[in-house]
Amino acid sequence: MKFTITLLLIVFWALSPAQNYTLQILHASDLEGGLNAIESAPYFASIIDKVEDDYENTLILSAGDNYIVGPFFGASSDPEVQQEIQEVYSIAFSSLATNFSDLNQDHGRVDISIMNIIGFDASALGNHEFDPGTEKLRSIISKDVSSDGKLKWNGSHFPYLSANLDFTFDENLTDLVEEGVQPLSYFQSFNENKKISGATYVEKSGEKIGIVGLTTPLLESISNPGSTHVKSSLNSPRSIASIIQPQINILHSMGINKIILLSHLQQIELEIELAKLLRHVDVIVAGGSDAICANENNRLLAGDKAVRLYPVVVESASGSQTAIVSTDGEYSYVGRLVLEFDEEGNVITSSLSNSVNGPIASDKESVVSLYGNERSAFSQGSKGELVRRLTDEVKKIVTEKDGNIFGKTSVYLEGRREKVRREETNLGNLTADANLNAARKVDPDVAISIKNGGGIRASIGEIRPSEYGSYELLPPQENKLSGKKTGEISQLDIENSLRFNNGLSIIELTPEGLRQVLEHAIDSWTDDGTPGGFPQLSGLMLVFNPEYPTQTKVRYVGLIDENGVLLEPIIIDGAVVGNPDRTYKLVTLDFLADGGNDYPFQQVLIKRQDLENEDLPEGLSDFAPAWTEQDALAEYLMEKFRFNAYSKKDLHPNRDTRIKNIQRLSE
């Protein structure tokens, strides 16, 4: 009888449907602390703290660009931050037998500390991690122990992943790289100082989940990776797939049938196309584009719009379904994807319609909805409270800068990514004008200013919700702590917007050289792309047609004065007019002059003068190095708008006067 019952139980078990496996992925990208992160990061942390235990199996992941040069990044090096860092680590990681009382402050360490407290499991390497150089990258993510055994810095508690970078010849990073595939616990051990790998895996409830990292192939043209090299610089999905598929195959050969790709390609369209070419990838967390994927039930912050549904689902090369997710940066949203897998590791697409899926806005409203009140979200020792202690220290440091005033504006200065990388904006015009003004003090013959929209990192002003779900674009608002008045533009505004603070270079070139530069500048424009090389101009009117073939998109270029009056046509119907041997002098950023964003200045220039290297008189502003773009804007504001506010509103693209996109003129 016992045998019969046992046999029946075995048969029943064998015929029972397999239990689906549920995984929650909490994700972000482009955390890159700016001024917005001072308010949003604590909310982000408290949201994670609340929802991470809603499901047994949870991963917290980033698609890279976790810090960026700027006021937030710089505040980490202030001595006032050191004690708070030490105390926060001692509380957050009290269970570890580690003494944190000797931790030092340095650039970027508040950014990484916030991620450590939140509990990120892994991150892709983005391009901005490399901006300050690989020596600084090492100091941020690696452990530092003094000769007498004191822990001076603990580094990241999570691995940085990239399967398409070669660190062999980079002496700053090569010893931090783990060439094999190790479990996540290996990188999280305080006894281990390996911080970089192509992939890792983690076991949750008996199931292994693989995680692979991917960095933009454009890294060497848009950042400062030193002797770290991209295995292939071709920014095409097919080329990228050929590079990273072998790493994915290694995980699959280990019996891992659930694989997540952390991808920092900067354009979600590339991740979507890449997903169709890869095998065995179930989820792609996209980064670098700030693209918001959301559904109707997901509340977005004022001024934000979804570009795609959450998640985007495509069929992979192996016939299975791949879910692609993305959110906006600066801790503005917690991305939440809860999905189920069948026994073979395939995504069950019906599970993707879970009502909890989508971005959760990192603000008071979300926190109160989750906790019932804000106080509970920031109870002593909670993730939100510890992160807020760090951001409060940053706030104290940057408040002083917000009281250093240079000019006034009566309008919102448009610097949002989806604007400055796709069209002329008033902030783009203002900073291009400022650079031209600075260059003319050195050489009055400079007639043109060209800079890239990707170098503008934030607007100057405030977005405020108004009635019925709409919003207002306002000039900078009053800061009672610093004494700043509404409409005033401060040192902090300038540093936050122009975080890279590139130097200025004067270039001399022919009309044909100018044509090639402008063709490159607008060549990557698409309806929904946000290429960092898109130009912002002064002294020029540019008309282009994005539907034309490469190297024929520029249809008209004319030299204009400060009032937009035409002085001289240069290109008509795509062809240079007038004397082809005449030359023009323009000012640009030394980053672009060096070939950044693949600008062809080095191939077409006749002469180049780097103003930072010249022995030139300095102006009234002294917070930034002379003859840099921050300095140029500060000086220009003091000259032109110290008493009379800048008043030119940003216009719809069909009314722009400097950059005219024929495709949008009929809108």
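With respect to Ser232, determine if the residue is among the polar types (S, T, N, Q), under 15 Å from Ala163 (Cα atoms) and not in a helix (DSSP H, G or I).
On the way: among the polar types (S, T, N, Q): yes; under 15 Å from Ala163 (Cα atoms): yes; not in a helix (DSSP H, G or I): yes.
Yes: the conditions hold for Ser232.
Hey, His520 hits all of (1) assigned to a loop (DSSP other than H, G, I, E, B); (2) touching a Phe, Trp or Tyr at 6+ places or on another chain (Cβ under 8 Å) but one; which does it fall short on?
The one condition His520 does not meet is (1).
Among the numbered conditions (1) under 20 Å from the mean Cα position of the chain (by Cα); (2) crowded, with 17+ Cβ neighbours inside 10 Å; (3) small (Gly, Ala, Ser), tell me where Ser233 comes up short.
Ser233 satisfies all of (1) under 20 Å from the mean Cα position of the chain (by Cα); (2) crowded, with 17+ Cβ neighbours inside 10 Å; (3) small (Gly, Ala, Ser) except (2).
Here is a yes/no grid of residues against (1) under 30 Å from Glu667 (Cα atoms); (2) part of a loop (DSSP other than H, G, I, E, B):
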| residue | (1), (2) |
| --- | --- |
| Pro546 | yes, yes |
| Ile570 | yes, no |
| Ser621 | no, yes |
| Pro625 | no, yes |
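I'd like the residue in region 1-54 that is more than 19 Å from the chain's Cα centre (by Cα), of a type in the set (S, T, N, Q) and in a helix (DSSP H, G or I) and, out of all such residues, is modelled with the lowest pLDDT.
That would be Thr6.
How many of the residues in region 55-94 are surrounded by fewer than 24 Cβ atoms within 10 Å (Cβ to Cβ), of a type in the set (Phe, Trp, Tyr) and not in a helix (DSSP H, G or I)?
2
Among residues belonging to region 459-506 that are among the polar types (S, T, N, Q) and under 30 Å from Leu611 (Cβ atoms), point out the one that is surrounded by the fewest Cβ atoms within 10 Å (Cβ to Cβ). Spell out the reasoning first.
Residues of region 459-506 that are among the polar types (S, T, N, Q), as a first pass: 459, 466, 470, 477, 479, 482, 486, 490-491, 496-497, 501-502, 505.
If we keep only those that are under 30 Å from Leu611 (Cβ atoms) too, we end up with 459, 490-491, 496-497, 501-502, 505.
Values: Ser459: 25, Ser490: 24, Gln491: 21, Asn496: 23, Ser497: 26, Asn501: 19, Asn502: 22, Ser505: 25.
Looking at the filtered set, the residue picked out is Asn501.
Which residue out of Asn496, Asn579, Asn501 is assigned to a loop (DSSP other than H, G, I, E, B) and closer than 25 Å to Leu430 by Cα?
Details: Asn496 fails: assigned to a loop (DSSP other than H, G, I, E, B); Asn579 fails: closer than 25 Å to Leu430 by Cα.
Result: Asn501 is the single residue among Asn496, Asn579, Asn501 that is assigned to a loop (DSSP other than H, G, I, E, B) and closer than 25 Å to Leu430 by Cα.
If you take the residues in region 343-383 that are outside any helix (DSSP H, G or I) and of a type in the set (D, E, K, R), which one is nearest to Leu26 (Cα to Cα)?
Let us first name the residues in region 343-383 that are outside any helix (DSSP H, G or I), namely 343-348, 354-363, 372-373, 378-382.
After this cut, where a residue has to be of a type in the set (D, E, K, R) as well, the list is 343-344, 363.
On the way: Glu343: 23, Glu344: 23, Asp363: 16 Å.
Within region 343-383, the match that is nearest to Leu26 (Cα to Cα) is Asp363.
Looking at Leu261, Leu251, Leu274 in this structure, which one is in a helix (DSSP H, G or I), free of Cβ contacts under 8 Å to residues at least 60 places away in the same chain, crowded, with 22+ Cβ neighbours inside 10 Å and aliphatic (A, V, I, L, M)?
Details: Leu261 fails: in a helix (DSSP H, G or I); Leu251 fails: free of Cβ contacts under 8 Å to residues at least 60 places away in the same chain.
One residue alone meets the criteria, Leu274.
Looking at (1) over 20 Å from the mean Cα position of the chain (by Cα); (2) assigned to a loop (DSSP other than H, G, I, E, B), which is the only condition Gly329 fails?
It is condition (1) that Gly329 fails.
Pick from region 447-505 the residues that are of a type in the set (Asp, Glu) and under 21 Å from Lys640 (Cα atoms): which of them is modelled with the highest pLDDT?
At the first step, the residues of region 447-505 found to be of a type in the set (Asp, Glu) are 462, 467, 472, 478, 488, 493, 495.
Now drop any that are not under 21 Å from Lys640 (Cα atoms), which leaves 488, 493, 495.
On the way: Glu488: 97, Asp493: 94, Glu495: 94.
Filtering region 447-505 for residues that are of a type in the set (Asp, Glu) and under 21 Å from Lys640 (Cα atoms), the one modelled with the highest pLDDT comes out as Glu488.
What residue, among those in region 140-179 that are within 21 Å of Phe500 (Cβ to Cβ) and under 20 Å from the mean Cα position of the chain (by Cα), is surrounded by the most Cβ atoms within 10 Å (Cβ to Cβ)? It would help to see each step written out before you state the result.
The first filter runs over region 140-179 and keeps only residues within 21 Å of Phe500 (Cβ to Cβ), leaving 140-141, 172.
From what's left, under 20 Å from the mean Cα position of the chain (by Cα): 140-141.
On the way: Ile140: 22, Ile141: 26.
Result: Ile141.
Of the residues that sit in region 196-227 and are touching a helix residue (DSSP H, G or I) at 6+ places or on another chain (Cβ under 7 Å) and hydrophobic (A, V, I, L, M, F, W, C), which one is nearest to Gly180 (Cα to Cα)?
Among them, the one singled out is Ala199.
Can you say whether Thr530 is in the same structural domain as Pro653 (by TED's automatic domain parsing), outside any strand (DSSP E or B), β-branched (Val, Ile, Thr) and without any contact (Cβ under 8 Å) to a residue 60 or more places away in the chain, as far as the supplied structure shows? Break it down into steps so the answer makes sense when it comes.
Working: in the same structural domain as Pro653 (by TED's automatic domain parsing): yes; outside any strand (DSSP E or B): yes; β-branched (Val, Ile, Thr): yes; without any contact (Cβ under 8 Å) to a residue 60 or more places away in the chain: no.
The answer is no for Thr530.
The values are calculated or read from the model by the stated rules, or taken from the named source; none is laboratory data. Owing to the predicted nature of the structure, the values given are computational and were not obtained by experimental measurement. Cβ sites come from the backbone with ideal geometry, for glycine too, and all protein chains shown count toward neighbours.
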